[in-house]
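Scroll down for the structure; my scribbles are underneath it.
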Amino acid sequence: MINFWKFLLFGVLISFATAGEIKNVLLLLADDAGFEMGAYLNKYCQTPNLDKLARKGLLFNNAFTSVSSCSPSRAQILTGQASHANGMYGLHQGVHNFNVLPGTVSLPNILRNKSQGGILSGIIGKKHVGSGEDFKFDFEQTEEQHSINQIGRNITRMKLYIREFLQNAKKQEKPFFLMVAFHDPHRCGHITPQYGEFCERWGSGEEGMGSIPDWTPIYYDWRNLQVPAYLPDTDVVRQELAAQYMTMSRLDQGVGVMLKQLQEMGFEDDTLVIFTSDNGPPFPLGRTNLYEHGIRSPFIMTSPNPTDRHQQTTAAMSSLQDIFPTVLDVFKIPLENSSNNSYTKSLLPLLKEEPATNENDSVFGSQNYHEITMDYPMRMIRTRRYKLIHNLNYWSYFPIDQDFYTSPTFQQILNATMHHQQLPWYKNLLGYYQRPEWELYDIKADSLERYNLADKPKYKGVLKDLKQRLLKWQVDTNDPWRCAPHAVLQAQGVFKKNPVCLSLGHEALVKHVTHYEKYILL
C-alpha cells in the first residue's frame, strides 16, 4: 500500500512538473508598429487582444530592434545577426533584391538540419527576406504565393493557413516554430491610395472595399486623438493617427484570431508566444531612424508554464536579435560560439526572474539602407541612460523613403518649410536632413533626443567610452564599415592577419598633417 501511494505521488509530481512545458514557438510580428497599444498606456487605440496577451505574459519596456527597416529587421530576427553581418543591407524587393550573404544560417534551416526534420517550421504573411534557400520554411504562405494584402491583412485567410499548419503539426506529431507576419499597420497610400493611407479601408465592408469576416472595423474620431510628443501637433497628423489606429485594431483582432486557433487546436498549453514589431512607425523620427521611435519595440513574451512570470514587466535590455537564441533554447539546440553570437542571449531566463540591472547594459544598432537610394549607414550603442549614434554619411542629407514622402504628414512638413510657415514641431526639416557625425543623448533626461551632447566637455568621458565599445562591437561582428568614414579598411594581402584602417587624408583638408594615421583592429 505504501509503495502504491509512493508511486501515485511520484506520478502526480511528474505530471505537474511537465505541465506547461514549452514545446513550440509562435512568433507574431507586426509591420511598422510602435506603442499604439493599451498595454503600453496608449489611451486611444483599442487593442484588447494584445492587452490580454500582455497581462498573461511578460511585457518588455526596453526591447529594441537593431535596424529600423523591414527586410533587415526580419533577417536579424531569423539569423540573430546585425544587418552588416548577415548581408541584408536593405529591402528585399524589386530589381535591387538585397539578399543575405551565402551560407548565412537562419532559424528555419538550422531547426530542420539540427532536428533532422523533427521540428516543423512555418511562415504565414509577409516574408520579405531572401534568398529563398537561405530562409526555407517547411510551410510557406507569403507574398511569394499571394498578394501582400491578402496574406498580410486578410486575417480570415491567414486564419485558414494557421489552421492548416497546426493540423499538419498535430498529424505529424512534431514541435513547431511558426512565424505569423502581419502587414498591418504598414502604409500603402503611395501604391493604392484608394484604400487609405494605411489600407484602413481595405476589407472594411465599405462600398467597393470588400470585407474580412473576422474583422470588425473600429473608426477613430481624429479630433479626439492626442498627438505623441515626437510628432507635429497638427490635424493632418491626427487624421493619419486615426487611420493607423484603425489598422492597428485589425492587427489586434488578427492576433486574437491566431491565438484562438492555437487554443482550439490544443497547442495553447505548450506554446511560447512572442509578439513584437519589425521597427518603429513610418513617421518622422520613426522608421529608418536609430532614434528612440525608430528602434524601441513593443515586445510581449507569454509562457504556458504556470511557474513562469505572468502579469509582470521587465526592464532588461533586449534586442530583436535575441529571438534567434531564444527559439534555439526552446528546442535545446546550442548556439554556436562566434563573435556575432556573443552579443545575443536567450530571453527564456527572464521568464524565471528579473536580472540585476547594470547601467552598462547595452544594445547595438546597424542601419545601412532602406531603399537602394537611401545610402545612409549609421551605427549605434544604446545603454540604459545614453545613446551614441555614428552617422557615417553625415555630409549628406538624410534620405526619405517613398511611402513616407507621399504621406500627408511629410507633405505638410515639406510644404510648410518651402513656404516659410510655422509648424508646431520641436524639429525642423533642415535639422532632420542635416545630422552631425556623432550624436550623443542622455535618454533619461532627454527622451525626445533634442540635445546633442557629443561636443560638451562634461560628457567627454562618456563619449570616449561609448565610441570604444561601439568600435569593438563593429570589429567583433566584422563590420565592413568599421573604418568609415575617415579611413579605408585594408584586410587583404599583407594586412590579412592584421587588418588596418588607413587614413583617407580627411584631416589634411582642414589642417596640416605630416603622416597618415593608421591603427590596427584587434
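The values are calculated or read from the model by the stated rules, or taken from the named source; none is laboratory data. Computed from a predicted structure; not experimentally measured. Note: ideal-geometry Cβ built from the backbone for every residue, glycine included; neighbour counts use all protein chains shown. Ligands, DNA and RNA are stripped out before the accessible areas are found, and what is left, the full protein with its side chains, is counted by its heavy atoms. Shrake-Rupley method; radii C 1.70, N 1.55, O 1.52, S 1.80 Å.
Bridging of K460 to lysines at a Cα separation below 28 Å is possible for K387, K427, K444, K472, K511, K518, once same-chain residues fewer than 8 apart are set aside. On full extension, the segment bounded by N415 and Y44 gains 130.7 nm, given 0.36 nm per residue less the C-alpha separation. Note: relative contact order over the chain, using C-alpha pairs below 8 Å and six or more positions apart, is 19 percent.
Would you mind getting me the FRET efficiency between Y397 and E268? Use the beta-carbon distance for r and R0 = 41 Å, nearest 0.05. Intermediate results must be reported in sequence, preceding the final value.
On the way: r = 50 Å, r/R0 = 1.22.
Efficiency, from the Cβ-Cβ distance: 0.25.
What does the C-alpha gyration tensor say about the overall shape of the chain? Classify as rounded when a/c is under 1.5, otherwise prolate if a/b is larger than b/c, or oblate. In terms of gyration-tensor shape, oblate.
With each label modelled as a point 7 angstrom along the Cα→C-beta vector, the S131-R163 pair spans 3.7 nm.
If you take the Cα Rg of the stretch 366-481 and divide it by 2.2 N^0.38 Å, with N the number of residues, what do you get? The partial results should precede the final answer.
On the way: Rg = 16.1 Å, N = 116, 2.2 N^0.38 = 13.4 Å.
After normalising by residue count via 2.2 N^0.38 Å, the value is 1.20.
Separation of the stretch 99-153 and the stretch 414-474, taken as the distance between their Cα centroids, equals 37 angstrom.
In this structure, E207 and L101 have a Cβ-Cβ separation that, at R0 = 41 Å, corresponds to a calculated FRET efficiency of about 0.25. Counting only DSSP H runs of at least 4 residues, each contributing -39500 (n - 2.57), and dividing by the residue count of the chain, the helix-based mean residue ellipticity at 222 nm comes to -8500 deg cm²/dmol. Close amide H partners of R153, meaning residues 5 or more places away or on another chain with modelled amide H under 5 Å apart, are H183.
Solvent exposure of the chain amounts to 45 Å² per residue of accessible area, where only protein heavy atoms count and the probe is 1.4 Å. Computed about its Cα centre, the charge dipole of the chain is approximately 1240 debye, with only Lys, Arg, Asp and Glu carrying charge at their Cβ. For the chain, the residue among T373, L178, L463 whose Cα projects farthest onto the positive side of the dipole built from Cβ charges is L463. Could you check how much of the accessible area of the chain is carbon and sulfur, as a whole percent, using a 1.4 Å probe? Whole-percent figure for carbon plus sulfur exposure: 53.
If E240, E173 are ordered by their accessible area, calculated over protein heavy atoms with a 1.4 Å probe, which sequence runs from highest to lowest? Write down the numbers at each step before the final one.
Details: E240 5, E173 160 Å².
Putting E240, E173 in descending order of accessible area: E173, E240.
Projecting the Cα atoms of T344, S115, T409 onto the charge dipole of the chain (Cβ charges, centred on the Cα centre) puts T344 farthest toward the positive pole. Couplings 3J(HN,Hα) for the stretch 491-499, derived from phi with the Karplus relation 6.51 cos²θ - 1.76 cosθ + 1.60 (θ = phi - 60°), are 9, 10, x, 5, 9, 4, 7, 9, x Hz, where x marks Gly and Pro.
Go ahead and run the numbers for FRET between R223 and L335, Cβ-Cβ distance against an R0 of 45 Å, rounding to 0.05. List each step's numbers first, then the result.
Details: r = 51 Å, r/R0 = 1.13.
Efficiency at R0 = 45 Å is approximately 0.30.
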